[in-house]
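Report on the following structure.
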Amino acid sequence: MMSLLFSLADAKAWERFYEYKTALVCPKEFAKELREFIDARAYLPVVGRIAAGEPFPFPRKAIISKLSTQKKRTVYIYPRAENIVLKFLTYLLLRRYDSIFADNLYSFRPGRTAKDAFRMLLRTPGIGQMYSYKADVHNYFNSVPVEKLLPMLEVILCPQAGSCQKPCGDEASCQQNTDINGILRFAQDEEHELSKGRKNSDTEPDGILRFAQDDKPEGDMFVASDPALYQFLRELLTEPRVLYEGEEVTEEKGIMAGTPLASFYANVYLKDLDFYFQERKVPYIRYSDDIILFGRTREEVEGYADIVRGHLAKLGLGINPEKEEFRGPEEGFVFLGFSYRDGVVDIAPVTVRKLKKKMWRKTRALRRWRLRNGAEGEAAAKAFLRVFRRKLFEGAKDSDLTWSRWFFSVINTDESLREIDHYAQECVRYLVSGKRTKARFNVRYHIMKELGYKSLVHAYYSFRKEVQDEAP
């Protein structure tokens, strides 16, 4: 099988990628950007430079604030065209090599979501009577030692021992040389034809079809040897230079949080730990850097925790002590935005707190806007409701469902929804009345509805009725 790098120049594969991305609830501006990028075949110059062995642009380092906290996180961002190409490559990688991962890994995998992970836990017999251990890998993405990751990637991409130790130009050791030249020739031909206006956007690229993976769908479980891809990934990972505040600096950056390929690397780096617990039939789920496992006794769970800590230590990683916790059966467990206790599934308290903090920040901002501009309280309230109606009911950035329906399909109580509804109403009353005394209750419920208020509790029961009506 040819290198996965060939698909980077395959127009049909790009169309499948576009269909996948736009099938999600993604921003219209991103869908438009991707459509224009594909129609212009703007990926071809990037592919040509990769095939020619030209240095990849350095990523830009950015330090951003985490939402609802004072903490900072470091992310890395490649230039626009290169970033889109890497997103496409990650899409292909996660599909071709999905079969190498354990069943208990749920992050960044085709057809799997955080909801699926939580539902799997709920289906575990006796989960309500078990002890749990939850851990978060500290600064996972930017802490992975590249020198430890590379041998793992080599085993996956170069099953033949030593096949990636020599340059691909050595034809005696690596037949990828012909493949890379083929990619380069095709990319150059396509770019040349496009520049002369001879290529119709609907025309199939005949040259690439001899090498593309159309005979192997992205979801196929076949695992291919790909030394050329390994060499490319190795060059990205071992490049120490980044751009920071306009200057070129050198640093250890791990697998670079914020870059598309980091998701594949994150799945690979801890896959042996995943298989350890799968082979022993231990209830265990990993979602990137979040881990939860269960046992019949506290002692059993503590033993598993020691294994997790020991494995991470060998890999140069550690646990975030603020997010490590043991729980007994009577306490239930919290994972990936959901909580479980005594058969009740709800939105996790921390998720509710974060949403309420966002509501209060927006309320304060709109209150200042109202006073500064002499605006009516109703105008500020309408703006508040528009923002959170979009967030809760009308869609998120790059997820498959709206916020509300994401949770509605898993929870079996309205407790947290009532808390959020009450808080949203308090924010609206404050914006309209400008008071936090009893006078705020002069803003009646029917007034809030006229301003655009929509109840999560009402929407939840409407959703449940809709599901019941659709059931056979």
Which of (1) exposed (fewer than 11 other Cβ atoms within 10 Å of the Cβ); (2) more than 36 Å from the chain's Cα centre (by Cα); (3) part of a loop (DSSP other than H, G, I, E, B) does residue 435 not meet, given it meets every other one? (1)
Mind checking whether some residue in region 307-320 is in a helix (DSSP H, G or I), farther than 18 Å from residue 128 by Cβ and touching a Gly at 6+ places or on another chain (Cβ under 7 Å)? yes
Which of the residues that make up region 305-318 are among the aliphatic types (A, V, I, L, M) and either under 28 Å from residue 125 (Cβ atoms) or open to solvent by less than 30 Å² (accessible area, probe 1.4 Å) (or both)? 305, 307, 308, 312, 315, 317
In region 22-41, the residues that are touching a helix residue (DSSP H, G or I) at 6+ places or on another chain (Cβ under 6 Å) and free of Cβ contacts under 8 Å to residues at least 40 places away in the same chain: 22, 31, 38
Regarding residue 125, is this residue in a loop (DSSP other than H, G, I, E, B), open to solvent by 40 Å² or more (accessible area, probe 1.4 Å) and without any contact (Cβ under 8 Å) to a residue 40 or more places away in the chain? yes
Per the filter on region 285-304, residues part of a strand (DSSP E or B) and open to solvent by 10 Å² or more (accessible area, probe 1.4 Å) are 287, 290
Could you list, in sequence order, all residues of region 348-365 that are open to solvent by less than 20 Å² (accessible area, probe 1.4 Å) and farther than 22 Å from residue 133 by Cβ? 352, 355, 359, 363
Just need a number here: residues in region 232-275 that are buried (at least 17 other Cβ atoms within 10 Å of the Cβ), hydroxyl-bearing (Ser, Thr, Tyr) and over 15 Å from residue 57 (Cβ atoms). 3
Top-ranked residue in region 128-163 [being open to solvent by 30 Å² or more (accessible area, probe 1.4 Å) and aromatic (Phe, Trp, Tyr); ranked as farthest from residue 264 (Cα to Cα)]: 131
Residue identified as under 14 Å from the mean Cα position of the chain (by Cα) and either of a type in the set (D, E, K, R) or closer than 19 Å to residue 5 by Cβ (or both) among 112, 95: 112
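The values are calculated or read from the model by the stated rules, or taken from the named source; none is laboratory data. What you are looking at is a predicted structure, and each value in this text was computed from that prediction instead of being measured. Because the Cβ atoms are built from the backbone with ideal geometry, glycine has one as well, and the counts that use them run over all protein chains shown. Heads up: the accessible areas ignore ligands, DNA and RNA and are worked out on the full protein's heavy atoms, side chains in. Shrake-Rupley method; radii C 1.70, N 1.55, O 1.52, S 1.80 Å.
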